[in-house]
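Below is one structure, written out as structure tokens; comments come after it.
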Amino acid sequence: MMGDTKTMNMIEAINSALDIMLERDPDVVLMGEDIGYFGGVFRATAGLQAKHGKTRVFDTPISECGIIGAGVGMAAYGLRPVPEIQFADYIYPGLDQLVSEAARLRYRSAGDFICPMTVRSPFGGGIFGGQTHSQSPESLFTHVCGIKTIVPSNPYDAKGLLIAAIEDNDPVIFFEPKRIYNGPFSGYYDRPVEPWSKHEASAVPEGYYRIELGKAGVVREGEALTILTYGTMVHVVQMVVAEMGIDADILDLRTLLPLDVEAIERSVKNTGRCLVVHEATRTSGFGAELAALVQERCFYHLEAPVERVTGFDTPYPHSLEWAYFPGPVRIASAIEKIMKD
Amino acid sequence: MTGKKSNLAPLRLHIPEPKFRPGDEADFSDVAVPPVDSIARPDEASLPADIQSLAFGLVRVLDDDHQAKGSWNPNLDADQLRSMLRNMMLTRAFDDRMFRAQRQGKTSFYMKSTGEEATSVATAMALASDDMCFPSYRQQGILLTRGYPIVRMMNQIYSNSQDHLKGRQLPIMYSAPECSFFTISGNLATQYPQAVGWAMASASRGDTRISAVWCGEGSTAEGDFHSAMTFAAVYNAPVILQVVNNQWAISSFSGIAGGERTTFAARGLGYGIASLRVDGNDPLAVYAAMRWAADRARTNNGPTFIEYFTYRAEGHSTSDDPGAYRAAQEFEKWPLGDPVDRLKKHLILLGEWSEEQHQAQHDELAELVKKTQKEAEANGILGHGMHQPFETMFEDVFEEMPWHLKEQCAQMIDEQHRKFGPEWEPK
């Protein structure tokens, strides 16, 4: 089923997942600003309208509320809409449709109506997008009852998770870290940015495959400490760990809700130390949930307090984004602090 | 404050005020009620630009003498008219009974549709039974017209052991896919873009079903309303977008939603959507307008926007006291009368109905509703123990229950054991 592998970056892997799902399931419909003829501002849907037709892949008005609200209605009809919100920062005008409608349709109708909709949205910083093109609003959605929240960190996962999300019968928010759209990057982002297009891609099967939602990925096994992270930060963490030569156990959470609590518990109980790394702002961020969960479940195994490395509690600053970004220095400092105890 | 220039008159902020407040004598003599057929019925395939005047007039069929006249007359036969009257009377009887049940403490909340029955009953009759309805919270008449079991509606209102929605929704927020009736949201106008999306899906699939959506005039101020209008126009969606202008959004009169400046129907014009303003208390006009819009949608002539000009005879809900903000007897003085009364008089005029038959039907429906209420109450009333099993609270959040909900469910069951011992299981 998976077929031959091909070198793909994350955008190409996402495009491949959408192409396969449009092919396999006539109920799948893609919609969003600029996604049709043009193929999306990040080219994630390039070529799909030409291949699958205008009623399957089409442009929408600039109205996130309309896009998501219409998506809810399409899902209620029996389709599997995959709306794209051009940037996660623009999801707020559509938030009520997600939070009050999509997320609760199954519950409030006791299963009469369901919302198998996957909202894709590029998120996170690192492309000089300023305060309105860089946010990471994932914790808003993990706080909502009834939505699944996914953040892939590499092309292979992005494709397998997106296919699983589209096939899922619950609404899913699929956040695509745009810093790594064009390939894993070196992680040096606490200094001025290098051109992202130079980053290499990786091998991805050309055919259909799924990655189960709710299961963390093991990036690296180790004994010294557990690092819980996702998205772009997986790459930064990996680089820091390699540079420090520390035997860390790195979990790529992949699905934030439902969370793979078993993997987290198993790892932290083994290492006795835990660092949480995410790009979103700190206060009430998803790291707070992870830290609380580790404290509740692994307290007697902990050798040191759980540390959080996050973005700062400010909007994303355009010219200083590389200073805002939780880069290698911030992560290395936190690791040193944890390992001292 | 800076910015004031002594040679200019100060700017003034306009805050709209209704014409009458408690203690005032209501006088609607300035409400323009054009004669029947002041606007002729256009062809269903008309271009929106060619029929813009329909957004400023008032489609009427029943004249002041209760005769059906003009080009909009749907020419329904006597059986159809009697059926329409019965559905409207049933809605009123149901409302009266459930309002009383709330006052007796049997449930938390209720919303009557008194005076607006035509906007749900006549519209539902004009649609095909499998056309999808996206109602607001005052369209119980659709369910009653489509034959949804009354006892199921009552079970929902009581959130009891037989409530199909497992006791989760506020009373009156029904869900009935078997009647093509979408689950009702408490958030206003959210159903508007959803109805458009449903219609888009139907069109993209080459289906023949259309969708219809209702909201109140106050909700037209919501962003969702405008997003939906844009989508409906852009994709020429087979959807009927309806605004029940009942003059009041809780205590805010229609001017607070923008009704002072233009008609609500006229809002459709800027989107390029065919727009009608209809006498909402004239069941035949409501039926005719809806039929026109449905035919239009079904023949790929696109969406229609309809304003029903009506009056909310009762409070917004059982939690509201209209006496505190509007003049008493407004409904009695409403120039467009009562839809039930108007249809009754029309049928009597035709020789197809009588005061005696009407009274007998009134009594019969009151008895039916009363009997059904007893049946529903045998399944429990709100807060009296005959509720859904506790663990149902955790069902349907997701298709499959994730670990954290399983843990929380176990915690809740443990709490119930501690509180109630071995007798904790609901009856």
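The values are calculated or read from the model by the stated rules, or taken from the named source; none is laboratory data. Keep in mind the model is a prediction, meaning the values are calculated, not measured. Because the Cβ atoms are built from the backbone with ideal geometry, glycine has one as well, and the counts that use them run over all protein chains shown.
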Options B:His404, B:His358, B:His384; residue that is under 25 Å from the mean Cα position of the chain (by Cα) and farther than 30 Å from B:Lys19 by Cα | B:His358
Among the residues of the range A:16-27, is any of a type in the set (Val, Ile, Thr), more than 8 Å from chain B (Cβ to nearest Cβ) and more than 21 Å from B:Thr190 (Cα to Cα)?
-> yes
The range A:40-57, subset in contact with a Ser or Thr (Cβ under 9 Å, 6 or more places away or on another chain) and not polar (S, T, N, Q), residue nearest to the other protein chains (Cβ to nearest Cβ) = A:Arg56
In the set A:Gly124, A:Gly94, A:Gly71, A:Gly130, the lone residue that is touching a residue at least 12 places away in the same chain (Cβ under 8 Å) and surrounded by fewer than 24 Cβ atoms within 10 Å (Cβ to Cβ) is A:Gly130
Answer yes if at least one residue in the range A:330-339 is assigned to a loop (DSSP other than H, G, I, E, B) and in the same structural domain as A:Gln238 (by TED's automatic domain parsing), and no otherwise.
-> no
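Results for (1) within 14 Å of B:Thr190 (Cα to Cα); (2) of a type in the set (Val, Ile, Thr), shown as yes or no for each residue.
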{"residue": "B:Ser202", "(1), (2)": "no, no"}
{"residue": "B:Thr208", "(1), (2)": "no, yes"}
{"residue": "B:Cys215", "(1), (2)": "yes, no"}
{"residue": "B:Gly223", "(1), (2)": "yes, no"}
{"residue": "B:His226", "(1), (2)": "yes, no"}
{"residue": "B:Phe231", "(1), (2)": "yes, no"}
{"residue": "B:Val239", "(1), (2)": "no, yes"}
{"residue": "B:Val243", "(1), (2)": "yes, yes"}
Based on what the data block shows, is B:Met89 in the same structural domain as B:Ala249 (by TED's automatic domain parsing) and part of a loop (DSSP other than H, G, I, E, B)?
-> no
Please enumerate the residues belonging to the range A:208-233 that are of a type in the set (S, T, N, Q) and either surrounded by fewer than 17 Cβ atoms within 10 Å (Cβ to Cβ) or within 15 Å of A:Leu256 (Cα to Cα) (or both).
-> A:Thr229, A:Thr232
Leading residue by the ranking (nearest to the other protein chains (Cβ to nearest Cβ)) among those in the range A:159-186 that are within 18 Å of A:Val237 (Cβ to Cβ) and either in contact with a strand residue (DSSP E or B) (Cβ under 7 Å, 6 or more places away or on another chain) or surrounded by fewer than 23 Cβ atoms within 10 Å (Cβ to Cβ) (or both) = A:Phe175
For B:Ser180, work out the one condition from (1) more than 23 Å from B:Met125 (Cα to Cα); (2) polar (S, T, N, Q); (3) out of contact with any Phe, Trp or Tyr (no Cβ under 6 Å at 6 or more places or on another chain) it doesn't fulfil.
-> (1)
Would you check if there is a residue in the range A:32-39 being surrounded by fewer than 23 Cβ atoms within 10 Å (Cβ to Cβ), within 14 Å of chain B (Cβ to nearest Cβ) and touching a strand residue (DSSP E or B) at 6+ places or on another chain (Cβ under 8 Å)?
-> yes
Among the residues of the range A:75-98, count how many are facing another protein chain (nearest Cβ under 10 Å) and more than 21 Å from A:Ala164 (Cα to Cα).
-> 4
Within the range A:133-153, residues being within 23 Å of B:Gln191 (Cα to Cα) and surrounded by 24 or more Cβ atoms within 10 Å (Cβ to Cβ) number 3
Need at least 3 residues that are touching a Phe, Trp or Tyr at 6+ places or on another chain (Cβ under 8 Å) per element, so show me which helices (runs of 4 or more DSSP H) inside the range A:33-122 make the cut, counting only ones lying wholly within it.
-> A:64-77
Determine whether B:Ile250 is within 17 Å of the chain's Cα centre (by Cα), among the β-branched types (Val, Ile, Thr) and surrounded by fewer than 24 Cβ atoms within 10 Å (Cβ to Cβ).
-> yes
Within the range B:142-179, which residues are within 8 Å of chain A (Cβ to nearest Cβ) and closer than 21 Å to B:Ser319 by Cβ?
-> B:Leu165, B:Arg168, B:Gln169, B:Met173
The residue that is surrounded by the most Cβ atoms within 10 Å (Cβ to Cβ), considering only those in the range B:292-319 that are within 17 Å of B:Tyr192 (Cα to Cα) and hydroxyl-bearing (Ser, Thr, Tyr), is B:Tyr308
Scan B:Glu391, B:Glu352 and give me the residue that is of a type in the set (Asp, Glu), in contact with a helix residue (DSSP H, G or I) (Cβ under 9 Å, 6 or more places away or on another chain) and within 14 Å of chain A (Cβ to nearest Cβ).
-> B:Glu391
Specify which of the listed residues (A:Val119, A:Val72) is in contact with a helix residue (DSSP H, G or I) (Cβ under 7 Å, 6 or more places away or on another chain), within 13 Å of chain B (Cβ to nearest Cβ) and closer than 24 Å to B:Ala232 by Cβ.
-> A:Val72
